[in-house]
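Asks: Input: one structure, supplied below.
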Ligand code: ADP
């Protein structure tokens, strides 16, 4: 027997329709790529998104066609998203921080028909346009006054392009399983892989993201996503903010500490979300000038592990912290941390212990940890294993790739190694490929990095395994010091001593001027392993 409820397909454009109806005047504020602060509302974004749809329709874009964006977080990017999805086309957010060769490969693999770009990325596109035969037109997110000379095919300024439409365009209703958006993983190992989100998975993910323990800021709050829309849909915020009527502040392309602080402070932002490297720049800016952010209630951090010292720095400034874990394949939220009721009165160290875990799964995500043969491991907070997930907003296959990515029970292997405790708190100990295998046991590179990052002179720390004839691998700590600070190998090892098991202690410390990062802001371990492949440890027997 079926239920007798209405059939209301879960479609992404219904989110902006809802925002335009119920939160029409709620503001969307952007630091524009051209410079000035721009203010608009959900009602205007909705109206202009329909103009985008109308123009795409006139350009022959049909359901299932891919439209790429290379763009920062701005109101125009939001309009394009909803305009593309509203006609059942697929919004393909391309990460412009990838190498031009990878960008060309991705656009060609996705067979994008139109590329919408910010001014910032014109030079990249001009360099690779000859290798993009599927692209019929380039739309530049600016007005005629700022439109540069370009040879890109049929290039037009966005404002002039949508000016030619009257917005008298009705969005369709179609199957909620229709593809809505697409995002390629950064491909630090192998070719990038395309994740294809559906309208249904995206709407369900939005509801997950809105839950109290997730990133929900509600209609009373103001949120600023520092994580770009091209990085797993700005972790869902470009959907969840309009769905809740949250006032939205977009940082454009300026993510340095000064610019981020200015906007957080001037617009009285209550919630912000970003990767540790960007949040660290904010903290340094605040620390050096003794600044505060009295309106900022919560910082959510993900993408890489958030060091304990960073969590404490925010808490000490009266700012709450939520640690999130996820990945492109998961839309991306997998877990979000907060203090469950039994821990509300915990002392500071215990609170930090909990906030340092990656959190617990929201409804809609199922997790398990397994041994190498796929056998389930206990949730005892100690046993670590391969972290596998299944749920309503998790990929079951990659776009145009004929490989099976699920186990017999339908779980996807995240490539992470984790423990889960009896309260459901999950702690990533490593990426499976980064874990250091020493004498048949595993050493967590993340734990060592977090610990080292707590040493005041250290700006950033990375740990990789170096081949050792006896132990197989031993940890090497690579550090970048804060400007003007000094420290010796012994200072750092003495600081770490006693805080981890003795056999976890790094065999050596090297000082570098720069630690490489991937296009999604993570420490580029493959590049570091390559750089230090001939490194000889000073340890006896090495
Ligand atoms: P890519 O693989 O394209 O860089 P993702 O952003 O999807 O992009 O990366 C997902 C991976 O990032 C996760 O599998 C995990 O290893 C890491 N990660 C994400 N959030 C955290 C976190 N809070 N703590 C530790 N690692 C994290």
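The values are calculated or read from the model by the stated rules, or taken from the named source; none is laboratory data. Remember, it's a predicted structure, so these values are computed and weren't measured experimentally. Here the Cβ positions follow ideal geometry from the backbone for every residue, glycine too, while neighbour counts run over all protein chains shown.
Asks: With within 11 Å of the ligand (Cβ to nearest atom) and crowded, with 22+ Cβ neighbours inside 10 Å as the only criterion, which of 420, 428, 436 stands out?
Replies: 428
Asks: Right, here's the next one. Would you kindly identify the strands (runs of 3 or more DSSP E) lying entirely within the stretch 113-213 that contain at least 1 residues that are over 24 Å from residue 59 (Cβ atoms)?
Replies: Hits in the stretch 113-213: 194-198.
Asks: Residue 414 passes all but one of (1) within 13 Å of the ligand (Cβ to nearest atom); (2) at positive phi; which number fails?
Replies: (2)
Asks: Follow-up question, since we're still on this one. Search the stretch 160-185 for residues that are over 22 Å from residue 68 (Cβ atoms) and pair each with any residue that is within 16 Å of the ligand (Cβ to nearest atom) when their beta-carbon atoms are under 8 Å apart and the residues are at least 6 apart or on different chains.
Replies: none
Asks: Does residue 227 count as assigned to a strand (DSSP E or B) and either within 16 Å of the ligand (Cβ to nearest atom) or over 30 Å from residue 126 (Cα atoms) (or both)?
Replies: Against the criterion (assigned to a strand (DSSP E or B) and either within 16 Å of the ligand (Cβ to nearest atom) or over 30 Å from residue 126 (Cα atoms) (or both)), residue 227 does not qualify.
Asks: Among the residues of the stretch 154-172, is there at least one that is under 20 Å from residue 135 (Cα atoms), surrounded by 19 or more Cβ atoms within 10 Å (Cβ to Cβ) and within 16 Å of the ligand (Cβ to nearest atom)?
Replies: no
Asks: When you look at residue 403, is it under 30 Å from residue 482 (Cα atoms) and either surrounded by fewer than 21 Cβ atoms within 10 Å (Cβ to Cβ) or modelled with pLDDT of 95 or more (or both), yes or no?
Replies: For residue 403, the condition - under 30 Å from residue 482 (Cα atoms) and either surrounded by fewer than 21 Cβ atoms within 10 Å (Cβ to Cβ) or modelled with pLDDT of 95 or more (or both) - is not met.
Asks: In the stretch 302-322, which residues are touching a strand residue (DSSP E or B) at 6+ places or on another chain (Cβ under 6 Å) and either within 15 Å of the ligand (Cβ to nearest atom) or more than 17 Å from residue 352 (Cα to Cα) (or both)?
Replies: 302, 306, 311, 314, 321, 322
Asks: Can you pull out the residues in the stretch 490-510 that are free of Cβ contacts under 8 Å to residues at least 60 places away in the same chain, under 17 Å from residue 537 (Cα atoms) and either within 16 Å of the ligand (Cβ to nearest atom) or in contact with a helix residue (DSSP H, G or I) (Cβ under 8 Å, 6 or more places away or on another chain) (or both)?
Replies: 492, 505, 506, 508, 509
Asks: Here is a list: 141, 122. Which entry is under 19 Å from residue 76 (Cα atoms), at pLDDT 95 or above and out of contact with any helix residue (DSSP H, G or I) (no Cβ under 9 Å at 6 or more places or on another chain)?
Replies: 122
Asks: Looking at the stretch 511-542, which of its residues are within 16 Å of the ligand (Cβ to nearest atom), surrounded by fewer than 16 Cβ atoms within 10 Å (Cβ to Cβ) and not in a helix (DSSP H, G or I)?
Replies: Passing the criteria: only 516.
Asks: Identify all residues within the stretch 174-213 that are more than 16 Å from the ligand (Cβ to nearest atom), out of contact with any helix residue (DSSP H, G or I) (no Cβ under 9 Å at 6 or more places or on another chain) and at pLDDT below 95; write none if there are none.
Replies: 211, 212
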